[in-house]
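Before any comments, here is the structure.
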Amino acid sequence: MKDDLTELERQQHFPTYIFRHRDIALEEYKTAAKNMESEERVFINASNIAIIVAAGLGSLAVGSLEKLTQQFDKIIPATLTLCVLLFLTIGFSIVTLRYFADRQKAVTFAARKVIVLRIMLGLSYGTIQLVLPNWRVEGGDEPFSVRLFPGWNTFIAYPYFTIAGISSAVIFFLLAAFFQQRDFLPFLVVIPPWEIIILLTVSWGLFLAYVYRKALLDIHETPFLLLIQNISNVIRLKLVTNFEYIIYRATLARYEQNRFQINLTNLKKMLVFIEDRTFFKHYGLSLRSMLRALLSMMKLKRRSGGSTITQQLVRTLFIKDTTKLYRRKMIEIFLALWLNRVFPKNEQLDLYLASVRFERGVYGILEAMKYFWGRMISNPSFAQSFFLIERVSNIHSQFLTDKIIQTVNSAIKSDLMTINDVYELYNLYKDAISQKRIVDRNCGIERMARSFDIPQ
């Protein structure tokens with residue numbers, strides 16, 4: 001986000017806020033800052049209390065284990081007593097960790113609100129972020145710089161290490177007591193008991209890590225996305241560092257299309273027709289397109305793109321390093337599967353039109369309209385929609401005559417375009433070539449005219 005918002009940008013980011021009434025935002029800012037401080041104190045105090053309670057209960061359970069089993073032995077079997085203690089330990093650990101996750105969410109959302117209100121008030125530290133880093137509330141210029149889970153080496157993870165450490169120790173001794181009961185689990189005598197105890201204790205600690213991390217997933221995060229990010233780190237493929245911020249900006253651009261009342265119906269129809277005709281039938285991937293792309297990479301078929309609309313979208317938004325083809329394709333496939341679960345198909349089309357590259361430095365349909373025609377068109381025709389969507393896959397600003405003629409003929413056969421639309425499309429290309437927006441090195445526009453009997 002820019003340091004100094006223009007009036008147009010203010011309307012884009014905060015359409016319901018009147019900037020003359022700064023006192024309202026200032027009072028809201030004061031309240032939000034107090035709430036954030038209050039939530040932080042609750043988190044810290046709860047952490048201290050949990051450490052004391054968990055340590056006390058853990059030491060009591062371990063120290064009194066033999067006495068408890070002996071005291072109720074005549075009424076309750078020792079294994080049942082141990083099971084009760086085991087389930088109490090498991091329940092206490094899970095509930096406590098989820099409580100801390102809820103407290104951390106409250107702190108994070110309060111901090112994000114403070115940052116939003118600071119931006120509304122025009123506050124930004126700019127380059128002073130060297131002193132006040134932007135991942136802290138004091139120096140943040142965008143709300144998602146404050147993460148729900150900043151990492152396992154931060155204080156956010158302290159409740160996990162405390163609860164997991166103490167509960168794992170308790171479970172370790174409870175399991176040891178289980179195996180002292182000779183009639184318990186006789187089929188495991190083949191495996192040394194200490195190996196089973198260690199394996200189950202470690203598994204418990206990992207399970208609690210999963211529970212805590214899952215409870216701190218952000219709005220669009222899923223465990224599958226975390227797995228993808230870890231895989232990309234292993235294979236050294238750079239992704240964006242803050243997925244939520246990228247989605248936020250893409251969604252903001254989508255809202256901008258709605259704010260200017262751009263009718264996307266024809267654009268969406270043409271997008272699906274040109275780029276991914278099975279878009280509404282697959283789950284982010286098209287096996288036929290992938291096979292076609294594989295054959296083209298093996299030079300067994302003419303060069304052809306194998307990416308679905310969803311794959312193109314995740315490549316644009318999230319993948320920074322596009323030079324490593326095979327690694328990029330693998331992560332692209334995984335990300336497409338994730339995005340297809342997170343966003344409905346229609347929203348994917350909206351995000352695509354709001355985000356993808358139409359020309360060098362031109363991203364989103366609104367900027368593309370301004371670039372090619374100098375204005376925004378509220379209800380693009382089929383010809384205008386074809387023109388814009390065809391530009392998406394053209395990375396060198398070339399007039400690809402054969403491809404255009406072939407796709408137009410296919411659109412006519414599919415009753416998506418009429419001959420009048422073709423005439424309009426021809427004029428759009430002709431004007432763009434004359435304005436040097438498109439490069440026509442082989443007189444392709446003349447071939448197009450001859451192909452469709454267009455008078456020149």
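Other residues lying with their Cβ under 13 Å from the Cβ of residue 414 contribute a combined charge of +1, Lys and Arg counting +1, Asp and Glu -1.
Charged neighbours of residue 217, selected by a Cβ distance under 14 Å, balance to +2 (K, R count +1; D, E count -1).
Computed from phi, the 3J(HN,Hα) profile of region 104-112 under the Karplus parametrisation 6.51, -1.76, 1.60 (θ = phi - 60°) reads 5, 4, 4, 5, 5, 5, 5, 5, 5 Hz, with x in place of Gly and Pro. Here the calculated FRET efficiency for residue 196 and residue 88, from their Cβ-Cβ distance with R0 = 22 Å, stands at 0.55, rounded to the nearest 0.05.
Skipping prolines and chain starts, which residues have an amide H placed within reach, meaning under 5 Å, of the one on residue 398, given they are 5 or more residues away or on another chain? Residues meeting the criterion, in which the H sits 1.01 Å from N, are 439. With r defined as the distance between the Cβ atoms of residue 452 and residue 379 and R0 fixed at 30 Å, what FRET efficiency is calculated, to the nearest 0.05? Efficiency for this residue pair is about 0.80.
When the label point is put 7 Å from the Cα of residue 322 along its Cα-to-beta-carbon vector, which residues of region 240-269 have a backbone N closer than 14 Å? Only 240 fall inside the zone, counting backbone N under 14 Å. The slack in the chain from residue 42 to residue 439, taken as 0.36 nm per residue of separation less the alpha-carbon distance, amounts to 136.6 nm.
Rolling a 1.4 Å probe across the protein heavy atoms gives region 327-441 an accessible surface of 44 Å² per residue.
Taking amide hydrogens as placed 1.01 Å from N in the peptide plane, the amide H of residue 239 sits under 5 Å from those of 320, each at least 5 positions away in sequence or on another chain. Cross-link partners for residue 281 among the aspartates and glutamates, with Cα-Cα distance under 20 Å and sequence neighbours closer than 8 places in the same chain left out: 332, 347, 350.
Label sites at residue 138 and residue 278, each approximated as a point 7 angstrom past Cα along Cα to Cβ, lie 5.6 nm apart. Shape summary of region 353-434, radius of gyration then Dmax from alpha carbon positions: 12.3, 34 Å.
All C-alpha to C-alpha distances of region 301-410, sorted into 5 Å bins beginning at zero, yield P(r) values of 2, 10, 19, 21, 21, 16, 9, 2, 0 percent in whole numbers.
The values are calculated or read from the model by the stated rules, or taken from the named source; none is laboratory data. None of these values were measured; they are calculated from a predicted model. FYI the Cβ positions are ideal-geometry reconstructions off the backbone, even for glycines, and counts take in every protein chain you see. Accessible surface is based on the protein model in full, side chains and every heavy atom, while ligands, DNA and RNA are left aside. Shrake-Rupley method; radii C 1.70, N 1.55, O 1.52, S 1.80 Å.
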